[in-house]
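A short reminder: the numbers here are calculations on the coordinates, not readings from a lab. The structure displayed is predicted, hence computed values, not measured ones. All Cβ positions, even for glycine, are placed from backbone atoms using ideal geometry, and neighbour counts span all protein chains on display.
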Amino acid sequence: MQALLARHPDVYTLPETAFFEHLYADLAWRWGDHRARPRRRRWRQRLGLMRKDVRPSIVPLLHSLDGERALIKHVPFHSDACAVTFIELLDALALQARCSQWVEKTPNHLLYMPEIEACAPDARFIHVIRPGADVLASLADAYLRFENDDAFGGGSVHWARRWNRAMQIHETCIGRTHHAFVFLEDLIREPDDEWTRICRFLGLRPDIRLEGACSQTIADLEHEPWKRSAISGLPQPMRTKTDGLFTAKFQLWLGDHLESYDKLRTKCLLLRNGAAAA
């Protein structure tokens, strides 16, 4: 979805920044991971100041995005002010690229939507969803191929719990003004209709000529080779790895333990169809 939008001449994008994940931290606790606890809020955090161990990663990140443009004069010590600086920087980068909008795609930012909405009240969120069993199969496949513990480690139970947490958050956003849902099967089956709907949600012209493929850098393929098939922005047929990786018994377990994808999709479609009828 990120690469597809980046084919539009009015959209600027960039690789995942994990900015809010770094700035506000407590990722495992927000996911509800087993035994995860939020870090103790000391006087600095009660005053809204960044933790001392956060700033050394945030400052280089902002300066790396800024490059030699010198758009950032000072990185605030206050967390919320720093978040505003990040938003303003991306606004400026989009304007320099002669784009009216920008897209930042970091999956874990799902857990930081309240903070994002606080510093960017006009932000729009696109929830891109596919069946949970397919998600877990892709994670397992990527772990087997790339053996990246940071990105894919933890095991199926761990990822099933995170999937359920994500689905709970998605459900709370159904019907909210600045939130749209894209189900991958619908995008593949009805690409023109879905594209038009997405563009209308974002205020983009759906009839404008797209680039033949995404030309913007959206991933560091040296460190994220698993993204290679997604960077073109050209919708591809859905390929499920579930049957090839998971036994019938484990698939039954997934059916019993994963939040219902079909239920969420049905809710979204009913709401969308009702709005269209009205």
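Below are the figures for this structure:
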| item | result |
| --- | --- |
| Packing-based exposure ordering (other Cβ within 10 Å, fewest first) of Cys268, Cys119 | Cys119, Cys268 |
| Contour excess over end-to-end distance, with Cα ends at Ile174 and Asp122 and 0.36 nm allotted per residue | 17.0 nm |
| Sequence of Trp29, Trp226 once ranked by neighbouring C-beta atoms within 10 Å, starting from the fewest | Trp29, Trp226 |
| Rg followed by Dmax, in Å, when the range 136-278 is reduced to its Cα trace | 17.6, 50 |
| Distant-in-sequence amide H partners of Trp102 (H built 1.01 Å from N, under 5 Å) | Tyr12 |
| Mean projected area (nm²) of the alpha-carbon convex hull when the range 205-278 is viewed from all directions | 8.8 |
| Spatial separation of Cα centroids for the range 92-127 and the range 246-278, in angstrom | 27 |
| 37 °C / 0.692 mPa s Stokes-Einstein diffusion coefficient of the chain, Kirkwood radius on C-alpha pairs, µm²/s | 160 |
| Efficiency of FRET from Cβ geometry, Leu27 and Thr217, R₀ 25 Å, rounded to 0.05 | 0.50 |
| Long-range HN-HN contacts of Leu49 with modeled amide H, under 5 Å | Ser79 |
| For Val182, residues with placed amide H under 5 Å, excluding near neighbours | His127, Val128, Ile129 |
| Full-stretch length increase - His74, Ser229 - with 0.36 nm per residue and alpha-carbon distance subtracted | 52.0 nm |
| Dipole axis of the chain (+1 Lys, Arg; -1 Asp, Glu on Cβ), positive-most option in Thr85, Ile188, Phe152 | Thr85 |
| Debye, to nearest 20: dipole size of the chain, +1 on Lys, Arg Cβ, -1 on Asp, Glu Cβ | 920 |
| For the range 76-182, average projected area of the Cα convex hull in nm² | 8.8 |
| The chain - share of DSSP beta bridges that are antiparallel (%, nearest 5) | 10 |
| Residues of the range 204-241 with amide N under 18 Å of the 7 Å Cα→Cβ point at Glu147 | 223-226 |
| Cα convex hull of the range 126-182, projected area averaged across orientations, nm² | 4.2 |
| Computed [θ] at 222 nm, deg cm²/dmol, the chain (DSSP H ≥ 4; -39,500 (n - 2.57); rounded to nearest 500) | -14500 deg cm²/dmol |
| Relative contact order (%) - the range 2-277, alpha-carbon pairs under 8 angstrom, separation at least six | 30 |
| Sorted by Cβ density within 10 Å, fewest first, the residues Leu93, Leu144 | Leu144, Leu93 |
| Environment charge of Leu202, counting only residues whose C-beta is closer than 12 Å and scoring Lys/Arg +1, Asp/Glu -1 | +2 |
| FRET efficiency for Ala276 and Asp207, using Cβ-Cβ distance with R0 set to 22 Å, rounded to 0.05 | 0.65 |
| Computed lengthening from Trp253 to Ala92, 0.36 nm per intervening residue step minus Cα-Cα distance | 53.2 nm |
| Rough spin-label spacing in nm, given labels placed 7 Å along Cα→Cβ, for Lys267 and Gln45 | 2.9 |
